[in-house]
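Written out below as structure tokens is the structure these notes cover.
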Amino acid sequence: ATLNNLGAAHSSKQDFAAALEFQERALELRRRTLHGEHPDIAASLSNLGGISAALGRHAEARERVEHALAIWERSLGPDHPALAFALIGIGEGLLAEGRAEQAVAALERAVQVRRAGEVLPQYRAIAQQWLAEALWQARPAERVRARALAEEALALCGDAPEDRAELAAWLAAHPAPG
């Protein structure tokens, strides 16, 4: 857990090279000490996917989060809220590659599992924000729904100032159709 936490700390400081090193070491240790289908291995893969995405390595990121998703589905079941981490990573990668229509399916599922599970409202907000972006890009006819998702996400953020500012900026940059 310590290597994982150190990786997360470096990620939060945008020091992705150090974060990558710690997360790779965490994955290596987890693979040596846990069985191959353990959810913690999936968590390490998902974390590595996020770092790869931050470094602009979108294909690598998607491969890692797809592997994490497969492990979580087998070990936790198809509706576990943890799956949303990987599904959002997949959607984010597809958006970065200009494949918004394909991102919609992964992000719809992320929203679905987060709504069905007992998760913090901020986690639901993140899934909805990504789905709003995918819908906006891929389906102009669904822009009203995209804005509604973003508005609900803003309400779910509570008093998290950075999240609220990001969503408010998104809403300002994506005016209501009409």
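The values are calculated or read from the model by the stated rules, or taken from the named source; none is laboratory data. Model, not experiment: these values are computed from the prediction. Here Cβ is always computed from backbone atoms with ideal geometry, including for glycine, and neighbour counts include all displayed protein chains. The accessibility values were calculated without ligands, DNA or RNA, using every heavy atom of the protein model including side chains. Shrake-Rupley method; radii C 1.70, N 1.55, O 1.52, S 1.80 Å.
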Failed criterion for A61 (all others in (1) in contact with an Asp or Glu (Cβ under 9 Å, 6 or more places away or on another chain); (2) of a type in the set (G, A, S); (3) within 19 Å of G36 (Cβ to Cβ) hold): (3)
Filter result for E66 (surrounded by fewer than 21 Cβ atoms within 10 Å (Cβ to Cβ) and not in a loop (DSSP other than H, G, I, E, B)): yes
Enumeration of residues in region 115-135 that are open to solvent by less than 70 Å² (accessible area, probe 1.4 Å), over 14 Å from A105 (Cα atoms) and more than 13 Å from the chain's Cα centre (by Cα): G117, V119, P121
Selected residue [under 16 Å from the mean Cα position of the chain (by Cα), closer than 27 Å to L149 by Cα and assigned to a helix (DSSP H, G or I)] from L48, L95: L95
Total residues in region 146-178, condition within 18 Å of V111 (Cα to Cα) and among the basic types (K, R): 1
Filtered residue count, region 32-63, keeping only those that are open to solvent by less than 10 Å² (accessible area, probe 1.4 Å), within 14 Å of G7 (Cα to Cα) and small (G, A, S): 3
Pair list, Cβ < 7 Å and 6+ apart or interchain, from region 1-26 residues that are farther than 17 Å from A61 by Cα to residues that are surrounded by fewer than 18 Cβ atoms within 10 Å (Cβ to Cβ): L3/R25; L3/L29; H10/A18
